[in-house]
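The values are calculated or read from the model by the stated rules, or taken from the named source; none is laboratory data. On a predicted model such as this, the values are computed, not experimentally measured, just so you know. Here Cβ is always computed from backbone atoms with ideal geometry, including for glycine, and neighbour counts include all displayed protein chains.
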Amino acid sequence: MAQDTSRHPPMKPGMIEAKHRHWAAGDLALESGDVIRDFDLSYVTHGKLNDAHDNAVLVTISLSGNHHRLDFLIGPGKALDPEHWFIVCVDPIGNGLTISPSTSRAQPGMRFPRFVLRDMVLSQHRLLTEVLEIESVLTVIGASMGGMQALQWAVRYPEFMRSIVAMTPMARTAPWAVAVVETARRALMAGMSSCAIHFGSSTNSGRATSSRIAGKYQCERYSKSCPSMRPALR
């Protein structure tokens, strides 16, 4: 499948350049019974898969991140050393590189089916087993929502990996996190016309509002938990 690199964010210092790969899986059945049509999964790899296919590591990505999220851990002498490990970094559903409401031609915008974190893990498992022919990994590592995916891997496929490294995850979404995401979602929806909701275009006002609201919630939360931060956050 032809690669669309136009949606890739600008490279920044510390990011590792790697060949972008795509798995065109056809239709992906979701846990809900819905289907994502023309499912396309974006990923990159570092290192080489050995003959025994037993040196693989899976990197799962945060809510607003992409396959560069843990690049700071990848490199010679680092925790994820490509000289030893075959590192697979998978973009999650909805991040703009893997199929998303903003990129789907068959189901754009609000026509895109609702999906859950377990659907992300299912698509990753299929990539590893069906495409890369990997039957086990040394570890699944991720931060934030990537850490949540790592936890789900341990629940759904406990025999598939030797370990997980779940950094700053939540095993259950806290009320404050629900409030932040729901507020941002409502702000985005408020900034969209009926045409935008159905056909994918949008105004910038909703986006800007959602960013400001989410940032304010985060700042107030950390301000309350860390009094020394309060002057800087005002």
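Things worth noting here:
- Reported count of residues in segment 99-121, each being touching a strand residue (DSSP E or B) at 6+ places or on another chain (Cβ under 7 Å) and among the aliphatic types (A, V, I, L, M), is 2.
- Hits in segment 100-130 - residues which are surrounded by 15 or more Cβ atoms within 10 Å (Cβ to Cβ), hydrophobic (A, V, I, L, M, F, W, C) and within 26 Å of Val165 (Cα to Cα): Phe115, Leu117, Met120, Val121, Leu122, Leu127, Leu128
- The number of residues in segment 65-75 that are farther than 17 Å from Ala150 by Cβ and among the small types (Gly, Ala, Ser) comes to 1.
- Scope segment 57-79; condition among the hydrophobic types (A, V, I, L, M, F, W, C), at pLDDT 95 or above, surrounded by fewer than 21 Cβ atoms within 10 Å (Cβ to Cβ) and more than 15 Å from Pro13 (Cα to Cα); matching residues: Ala79
Residues are listed down the side, and each one gets a yes or a no for (1) within 27 Å of Leu138 (Cβ to Cβ); (2) among the hydrophobic types (A, V, I, L, M, F, W, C):
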residue: Ile16; (1), (2): yes, yes
residue: Leu30; (1), (2): no, yes
residue: Arg37; (1), (2): no, no
residue: Ser62; (1), (2): yes, no
residue: His67; (1), (2): yes, no
residue: Pro76; (1), (2): yes, no
residue: Trp85; (1), (2): yes, yes
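- So Phe39, is it in contact (Cβ under 8 Å) with a residue 40 or more places away in the chain and loosely packed, with under 14 Cβ neighbours inside 10 Å: no
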